[in-house]
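A.B. asks: My questions all concern the structure below.
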Amino acid sequence: MAEQTLGLQVKGLELERGERLLFTGLEFDAPAGTLVRLAGANGTGKTSLLRVLTGLMRPTAGDVLYRGSPIARLREDYFRDLVYIGHLNGVKDDLTALENVRIGARMGNLRVARGELLAALAKVGLEDFAENTTGELSQGQRRRVALARLFVSAQKPVWILDEPFVALDAASVANLARVIAEHVNAGGIVIYTTHQEQQIDVPGARCRTVTVSDFAPGAAHGRE
């Protein structure tokens, strides 16, 4: 059987947390070469939606399809193609910045040379902190260690990122925007949340904004 074309499809998602319904009827398509920004105020369910898209959380209803199949069924086949950088940084305090990026890459079955790891850290402004343990670094620097993984993950088709531009200096923001654009323009899929507008050099036809609050219970869009 021929492999399905790369793409994510979100169909009729509904998510309830506790006794609160965050969103219902949420749908969008993200074919290869698509940048999707998830917008909305705090508390509308953006981070929860990201966790659903990664398979870390099950929706109350609806489905997420990857290459035409539900991610709940694909499991490792989906995870192998995915890079997820969530709200928590997921770095180990007793390891150096360099070791954290190396281990993050290896967990994604990526073997990366030391020079590439150092270059990735330089892209997020941490070239002078490669041998420092992350426990010695500030919260902003720890976030940059997590984001450095993206600079060695070009072969991973799907990137899902929670507030990736927070706590970055101007040079690091520019580098991150550039690597995201390169990934999308090469045919990858990037889905991210952000509170601020950020210029990413991707053709307008490939950019989509999904406002999660449009799918809140009672919202007109959510009922369509």
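A.B. asks: Picking from Leu15, Leu65, which residue would you name as being outside any loop (DSSP other than H, G, I, E, B) and more than 19 Å from Thr193 (Cα to Cα)? If you could, list the steps in order and put the result at the bottom.
C.D. replies: Numbers: Leu15 fails: more than 19 Å from Thr193 (Cα to Cα).
Matching residue, one of Leu15, Leu65: Leu65.
A.B. asks: Given the residues Val184, Val158, Val166, which is the only one that is without any contact (Cβ under 8 Å) to a residue 40 or more places away in the chain and aliphatic (A, V, I, L, M)?
C.D. replies: On the way: Val184 fails: without any contact (Cβ under 8 Å) to a residue 40 or more places away in the chain; Val158 fails: without any contact (Cβ under 8 Å) to a residue 40 or more places away in the chain.
That would be Val166, the only listed residue that is without any contact (Cβ under 8 Å) to a residue 40 or more places away in the chain and aliphatic (A, V, I, L, M).
A.B. asks: Go through the range 155-197 and count every residue that is in a loop (DSSP other than H, G, I, E, B) and more than 15 Å from the chain's Cα centre (by Cα).
C.D. replies: Here is the first cut: in the range 155-197, the ones in a loop (DSSP other than H, G, I, E, B) are 155-157, 163-169, 186-188, 194-197.
Next, from what is left, pick out any that are more than 15 Å from the chain's Cα centre (by Cα): 167-169, 186-187, 196-197.
Number of matching residues: 7.
A.B. asks: Moving on to the next point. Check Asn100, Asn132 and return the single one that is crowded, with 19+ Cβ neighbours inside 10 Å and polar (S, T, N, Q).
C.D. replies: Working: Asn132 fails: crowded, with 19+ Cβ neighbours inside 10 Å.
Residue meeting the stated conditions: Asn100.
A.B. asks: Right, something else. Here is a list: Leu8, Leu26, Leu22, Leu49. Which entry is touching a residue at least 60 places away in the same chain (Cβ under 8 Å), hydrophobic (A, V, I, L, M, F, W, C), over 22 Å from Gly218 (Cα atoms) and crowded, with 21+ Cβ neighbours inside 10 Å? Full working, then the answer.
C.D. replies: Numbers: Leu26 fails: over 22 Å from Gly218 (Cα atoms); Leu22 fails: over 22 Å from Gly218 (Cα atoms); Leu49 fails: over 22 Å from Gly218 (Cα atoms).
Answer to the check: Leu8.
A.B. asks: If Thr209 passes every condition in (1) under 14 Å from Leu26 (Cα atoms); (2) under 20 Å from the mean Cα position of the chain (by Cα); (3) open to solvent by less than 60 Å² (accessible area, probe 1.4 Å) but one, which one does it miss?
C.D. replies: (3)
A.B. asks: Oh, and also: Confirm whether Leu95 is in contact with a Ser or Thr (Cβ under 7 Å, 6 or more places away or on another chain) and open to solvent by 20 Å² or more (accessible area, probe 1.4 Å). Before the answer, list the steps.
C.D. replies: Working: in contact with a Ser or Thr (Cβ under 7 Å, 6 or more places away or on another chain): yes; open to solvent by 20 Å² or more (accessible area, probe 1.4 Å): yes.
Yes: the conditions hold for Leu95.
A.B. asks: Hey, another quick one. Identify, please: which residue in the range 103-129 is without any contact (Cβ under 8 Å) to a residue 12 or more places away in the chain and closer than 22 Å to Ala171 by Cα and is, among those, most open to solvent (accessible area, probe 1.4 Å)?
C.D. replies: Within the range 103-129, the subset without any contact (Cβ under 8 Å) to a residue 12 or more places away in the chain is 103, 106-107, 111, 113, 115, 122, 127-128.
Now narrow it down to the ones that are closer than 22 Å to Ala171 by Cα: 115, 122, 127-128.
Numbers: Gly115: 51, Ala122: 43, Glu127: 102, Asp128: 128 Å².
Step by step, filter the range 103-129, then rank; the result is Asp128.
The values are calculated or read from the model by the stated rules, or taken from the named source; none is laboratory data. Since we're looking at a predicted model, the values are computed, not measured. Don't worry about glycine lacking a Cβ; one is built from the backbone with ideal geometry, like all the others, and counts go over all protein chains shown. The accessibility values were calculated without ligands, DNA or RNA, using every heavy atom of the protein model including side chains. Shrake-Rupley method; radii C 1.70, N 1.55, O 1.52, S 1.80 Å.
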